[in-house]
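The values are calculated or read from the model by the stated rules, or taken from the named source; none is laboratory data. Bear in mind the structure is a predicted one, so any value in this text is a computation, not a measurement. Cβ placement follows ideal geometry from the backbone for every residue including glycine, while neighbour counts extend to all protein chains displayed.
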Amino acid sequence: MLSNKIIFISALDWGLGHATRCVPIIRNLQKNNTVIIGITPLTKLIFEDEFPHLKKINLPAYNITYSKTIPIWLKLLFNWYRILKVIKQERKQLEKIISQNKIDVVISDNRFGLYSKKIHSIFITHQLFLKTPFANSFIQNINKKYILNFNEVWIPDNENETLSLSGSLSHGSHFHSNIKYIGALSRLTKSNYSEPFYDYLFLISGPEPQQTVLINLVLQKAKQNSNLKFAMVCTNNLTYKTENITVINLPNSSQLSETISKSKKIICRSGYSTIMDLYELQINFRNVTFVPTPSQTEQEYLANYLMNKFGSVVISQKLFSQKKLQ
């Protein structure tokens, strides 16, 4: 691990998952280094809570949103010109940050423009190999082109493919010469509870408007099962009161660890950071139901991969309202 360096680190603001998985990296790095964090209005929610004492610098936000009707890949295509502008902006801003703060190393979690030829640049990703519904080779070549700008790639997964959480997203014929598997990353720590308190925990994450769509579906499900006790964790400032559901907005790491550990069954998106959190807490994946974000092929792949590997349940958002809870 790095030592006696001034490190600038930042995460993509596509939901909060990229920020949360950077938390254990920053915790480790700050022991022997000076760490400066790049933030956006969204990732600030995590980094201010976890590291109020560390210096932070605002970066341009990618502001990736979903649609209720348009597939995410088509939405990204429509927004590609704007995303390219953000990549160029962050590259230009990084050079100023390096000069003003004497940065030695930059670490980027999926921010394509956060590299410099002047210093050692590290890219964090679990997606070396993308899953797209069309033009996969073309899009993969773009992904590869950007990743090759970095001196080093850190993959948050186990190198042994039989123990992998990301499967073929990160394992294959590598195109980068300097790859390190750094193991699953989570800011959570295992809590021991002999008796579960909640029958079901709904872990709601990801960009809008799909987050709110799923929230409405699970609230309806809770109303239909008044005999069960639910908890719902989300990033919205949701105020909802009923006898059988507890809503927890933006819990800190200890609150989230405790809530997950006190739940019999979990229903959540199949985002990779959520998967790593459950893995770190040693949750039995047979007790997890994944509801992939519609048209997000990465989540669809991960959900089916974990269903085949660990026996998780997978159900589409479209069919979720028809699923009966035990």
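Within the range 161-181, count every residue that is in contact with a helix residue (DSSP H, G or I) (Cβ under 8 Å, 6 or more places away or on another chain) and in a loop (DSSP other than H, G, I, E, B).
Result for the range 161-181: 5.
Looking at the range 59-73, can you tell me whether even one residue there is in contact with a strand residue (DSSP E or B) (Cβ under 6 Å, 6 or more places away or on another chain) and modelled with pLDDT of 95 or more?
The answer is yes; a qualifying residue exists.
Examine the range 38-48 for a residue that is within 24 Å of Gly183 (Cβ to Cβ), out of contact with any His (no Cβ under 9 Å at 6 or more places or on another chain) and in a strand (DSSP E or B), and state whether such a residue exists. Give the steps one after another, and end with the answer.
Restricting attention to the range 38-48, the residues satisfying the condition of being within 24 Å of Gly183 (Cβ to Cβ) are 38, 43, 46-47.
Subset that is out of contact with any His (no Cβ under 9 Å at 6 or more places or on another chain): 38, 46-47.
This time we only want the ones that are in a strand (DSSP E or B), so: 38.
Yes, the conditions are met somewhere in the range 38-48.
Quick one: which residue in Tyr200, Tyr146 is assigned to a strand (DSSP E or B) and either of a type in the set (Phe, Trp, Tyr) or not assigned by TED's automatic domain parsing to the domain that holds Tyr62 (or both)? So that I can check it myself, show each step before the final result.
Values: Tyr146 fails: assigned to a strand (DSSP E or B).
Answer to the check: Tyr200.
Every residue, every condition in (1) without any contact (Cβ under 8 Å) to a residue 12 or more places away in the chain; (2) basic (Lys, Arg); (3) within 27 Å of Ile46 (Cα to Cα), yes or no:
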{"site": "Ser116", "(1), (2), (3)": "no, no, yes"}
{"site": "Thr132", "(1), (2), (3)": "no, no, no"}
{"site": "Ile155", "(1), (2), (3)": "no, no, yes"}
{"site": "Asn160", "(1), (2), (3)": "yes, no, no"}
{"site": "Ser164", "(1), (2), (3)": "yes, no, yes"}
{"site": "Ser170", "(1), (2), (3)": "no, no, yes"}
{"site": "Asn178", "(1), (2), (3)": "no, no, no"}
{"site": "Gly183", "(1), (2), (3)": "no, no, yes"}
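Among the residues of the range 229-255, which ones are closer than 21 Å to Ser312 by Cα and either at pLDDT below 90 or not aromatic (Phe, Trp, Tyr) (or both)?
Of all residues in the range 229-255, those closer than 21 Å to Ser312 by Cα come to 230-233.
Once the filter is applied, which keeps residues that are closer than 21 Å to Ser312 by Cα and either at pLDDT below 90 or not aromatic (Phe, Trp, Tyr) (or both), the range 229-255 yields Ala231, Met232, Val233.
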